[in-house]
Amino acid sequence: MKVAVDVKSIDLSLGNNGIVLYVYDNANKYVGKLRVGQATVEWCKGKVPIGKGKKIGLQDFINEHLNVL
């Protein structure tokens, strides 16, 4: 998968709706959407609309998947 975001010069904050990343595979085929909000992370595979995807609490996601500390 290709994911590239460089926002060093932009100050972003997660509002009520969060941010949505559109995900494509290496063949440039659409895979789905990843929404990161203040409280949840949501994966919407394919054409699943925002709000109907698989959700996990943001802190749970950090604890389980981002062992940074």
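Readers should treat all values here as calculations from the given coordinates under stated rules, not as data from a laboratory. Every value quoted in this text rests on a predicted model; they were computed, and no experiment measured them. Note that we place each Cβ from the backbone using ideal geometry, even for glycine, and neighbour counts take in every protein chain shown.
Brief remarks on what is shown
- The Cβ shell under 14 Å around Lys54 holds other residues with a net charge of +2, Lys and Arg each +1, Asp and Glu each -1.
- In order through region 47-53: 3J(HN,Hα) via Karplus (6.51 cos²θ - 1.76 cosθ + 1.60), integer Hz, x for Gly, Pro: 9, 4, x, 4, x, 10, x
- Set of lysines with alpha-carbon distance to Lys33 below 21 Å, sequence-local pairs under 8 removed: Lys2, Lys45, Lys47, Lys52, Lys54, Lys55
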